[in-house]
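Just so it is clear, none of the values below were taken in a lab; they were calculated from the coordinates. Note that the structure is predicted; figures quoted are calculated from it, not measured. Please note: Cβ atoms are built from the backbone with ideal geometry, for glycine as well, and neighbour counts cover all protein chains shown.
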Amino acid sequence: MSEQEYTRWMTESLCPTCLTRVPAERVVEGQDVWLVKVCPEHGETRTIMWRGTPDLPGWQRPKIPSRPPVCYTEPNRGCPYDCGLCTNHGQHTCSALLEITQRCNMNCPVCFADSGSVAVPDSTLDAIGKWLASVRHACGDHIVIQLSGGEPTVREDLPDIIRLARSYGFGFVQINTNGLRLAEDPAYAWQLREAGLSSVFLQFDGTRDAIYQKLRGRDMMAEKIRAIDHCLQNHLGVVLVPTLVPGINQQDIGAILRFGMDRAPGIRGVHFQPISYFGRFPEIPDNAQRLTLPEIIRAIEKQTDGLMKIEDFAPPGCEHSHCSFHGNFVLLENGAVTAMTSKNSSCCSKPVVASEGAGKSTQFLTRQWAAPEDVTSAAPLPPSKKTCCEPSQSPSLDEFLQRVKTHTFAVSGMAFQDVWNVDLERTRNCCIHVVTPEGKLVPFCLYNLTSAGGQTLHRGHGHANLAS
């Protein structure tokens, strides 16, 4: 598509008020892109989806859709109401998320799952086993299994759940956690590791307690460090997951990256998530309260003083190209950082078959997010060595290849969609799927999506469910 043709083109979205499917346009104005839609009953909505460089026309990555091998529903009302996945979906599963509890040991002002708002009994091991069987039947066993909630560590039988997932043949099991239980109990990380846990997806919003006070309602930095230390001592890979909110922690992006690199290779990378307004959030957002992917990429370059550059990041090969970015780096012993990805790579312009993209993404995540296998040569670097991007001496080829095995560091970002900016073309290309209580698969954004009034499409919690 040429830049001239790209100025205005059609997709579909939902009305934020009534969740009715409506036509929508992506409208390019300069280097900004807006999603504009009109509901016959509730009027026009105009939401920013992309600000500035790298520009969206050049970010496109062609993809050939591929229907998942097993679909649990057939189209009836159409997207997004028939998820299961339905036979109109165009991407295979890369990660399957199981919400094993709705309880939480915190009550954050911002929570995509609105955890703890309604008392819901924990799912039984038998029910979780049926979910795992359903996922394996639909997706095979070469995918990421993420145990989430709520806060999964509030379940005393979490090690048993991890072992259960392993018994179904899943080789990579990860938990999505705030880290409190890992911080308070030095032996807990060892118990999870012994049960078969591969990786910890750790909520990590910044390097200062003032940030946690605003986003989580309490000081947390000391607990985050203890949780990380306990994981690293027990050879559990850690991925830092910041929720980025304009005006609160946008200026801490570089500090988060340096914190992670200083603790590499135990910390395997950083996965930025700009805030999406679903679940629990303070107020209906305006466009000033949104942070887009190119803004994060530019902030990375600026706040790392060019250690990581805009051109080091590329569009995804699995999910829709508007959904995420990624950059892979090798941290050298002399303090240099070498990029292993590039937006200008020839592979970024070639069409990707959706199923192949999902397979490659899964292979990368399971390799990168787990702790490095070569423990003896994977000691962390002194923090002072991460302040300079100009090497004093170039490493030999053997030294570089060894660092590739142990000291790779992944930096990525994913823009989840809420009811104001949801684009159904993107959701039909989603590869991150939540397992429903019935064992079906639903794209993450659609499962968590709530209307301006709190209605849901696929999640229960006592709201009106428009999918029924």
If amide H atoms are built 1.01 Å from N in the plane of the peptide, which residues on other chains or at least 5 residues away come under 5 Å of the amide H of Asp185?
none
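Can you tell me, using C-alpha contacts under 8 Å and at least 6 residues apart, the relative contact order of region 1-147 as a whole percent? Walk me through the numbers on the way to the answer.
Values: 198 pairs, mean separation 22.0, N = 147.
Normalised by residue count, the contact order of region 1-147 is 15 percent.
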Let me test this: with uniform point scatterers at the alpha carbons of the chain, what is the Debye-based log₁₀ I(q)/I(0) at q = 0.11, 0.12 1/Å?
-0.88, -1.07
Could you list which residues have their amide H under 5 Å from that of Leu244, counting only those 5 or more apart in sequence or on another chain, with H placed in the peptide plane?
Gln273, Ile275
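Here are some pairs, Lys302/Lys343; Lys360/Lys440; Lys63/Lys130; Lys224/Lys302; which of them have Cα atoms lying more than 21 Å apart in this structure?
Working: Lys302/Lys343 18 Å; Lys360/Lys440 24 Å; Lys63/Lys130 33 Å; Lys224/Lys302 25 Å.
Long pairs (Cα-Cα over 21 Å): Lys360/Lys440; Lys63/Lys130; Lys224/Lys302.
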State, to one decimal in nm, how far the label point of Thr11 lies from the label point of Arg77, with both points 7 Å from Cα in the Cβ direction.
2.2 nm
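Could you tell me the relative contact order of region 143-204? Use alpha-carbon pairs under 8 Å, at least six residues apart, and round to a whole percent. Intermediate results must be reported in sequence, preceding the final value.
Values: 83 pairs, mean separation 25.2, N = 62.
Relative contact order of region 143-204: 41 percent.
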If you stretched the chain out fully between His42 and Met221, how much longer would it get, using 0.36 nm times the residue separation minus the C-alpha to C-alpha distance?
60.1 nm
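Please state the shape class of region 32-92: rounded when a/c is under 1.5, otherwise prolate if a/b exceeds b/c and oblate if not, all from the C-alpha gyration tensor.
Values: a/c = 4.19, a/b = 1.33, b/c = 3.16.
Since a/c reaches 1.5 but b/c is at least a/b, the shape of region 32-92 is classed as oblate.
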Taking amide H positions as placed 1.01 Å from N in the peptide plane, with prolines and chain starts having none, which residues 5 or more places from Val353, or on another chain, fall under 5 Å of its amide H?
Ile64
Just need the relative contact order of the chain here, percent rounded to a whole number, with Cα pairs under 8 Å and 6+ apart.
20 percent
Charges at C-beta only: +1 for Lys and Arg, -1 for Asp and Glu. How large is the resulting dipole of the chain about its Cα centre, in Debye rounded to 20?
320 debye
Please report how far the C-alpha centroid of region 14-91 lies from that of region 132-157, rounded to the nearest whole angstrom.
27 Å
Sorted from fewest to most neighbouring beta carbons within 10 Å, what does the list Glu99, Glu44 look like?
Glu44, Glu99
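For the chain, what does the helix formula give at 222 nm: sum of -39500 (n - 2.57) over DSSP H segments with n ≥ 4, over the residue count, nearest 500 deg cm²/dmol? Before the final figure, lay out each step's value.
On the way: 13 runs with 118 residues, N = 468.
Theoretical 222 nm ellipticity from helices: -7000 deg cm²/dmol.
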